[in-house]
Amino acid sequence: MRKTTSTNNINRQVLESQCGMAHTISLIGGRWKLSILGLLLDFGRLRYSELHTRLNGISEKMLSSQLKGLERDNLVVKTVHPQVPPKVEYHLSERGESLGKILKEMTIWGEANLSSHEIS
């Protein structure tokens, strides 16, 4: 956890409030958020267990944390169906869906440049 009054944290907040690209990266950046958004873009609605199965290597704690962050930023909507056992589904909000074109372009660019990235 960063100290909220640190110069680094204040500079980050200023940058994210003044630069659209920095703000976007702050919302979708990280190891798992793009993958979660991409899955919801491709499949529409997914249950928590379906997301966990499709995201190889993610822990339940991390998936839960990332989904809460995406909900907090109004990119993902969580729907809890009242039944036993509880059925929880996630889908993109209208704001999340507005990222669709960007996410698809990032995928196209990434696939086109996969071969140019060599692991040393």
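The values are calculated or read from the model by the stated rules, or taken from the named source; none is laboratory data. These numbers were taken from a predicted model, which means no experiment stands behind them. Positions of Cβ are backbone-derived with ideal geometry, glycine not excepted, and every protein chain shown enters the neighbour counts.
Just to confirm my filter: which helices (runs of 4 or more DSSP H) fall fully inside the range 1-63 and include at least 1 residues that are in contact with a Lys or Arg (Cβ under 9 Å, 6 or more places away or on another chain) and at pLDDT below 85? Step through it out loud before you land on a result.
Working: elements: 7-18, 20-28, 33-43, 48-54.
Correct list: 7-18, 20-28.
Out of the residues in the range 61-103 that are of a type in the set (Asp, Glu) and within 16 Å of PHE43 (Cα to Cα), state the one that is surrounded by the fewest Cβ atoms within 10 Å (Cβ to Cβ).
The selected residue is GLU94.
Within the bounds of the range 77-87, is there any residue that is at pLDDT 95 or above and either in contact with a helix residue (DSSP H, G or I) (Cβ under 6 Å, 6 or more places away or on another chain) or outside any strand (DSSP E or B) (or both)?
The answer is yes; a qualifying residue exists.
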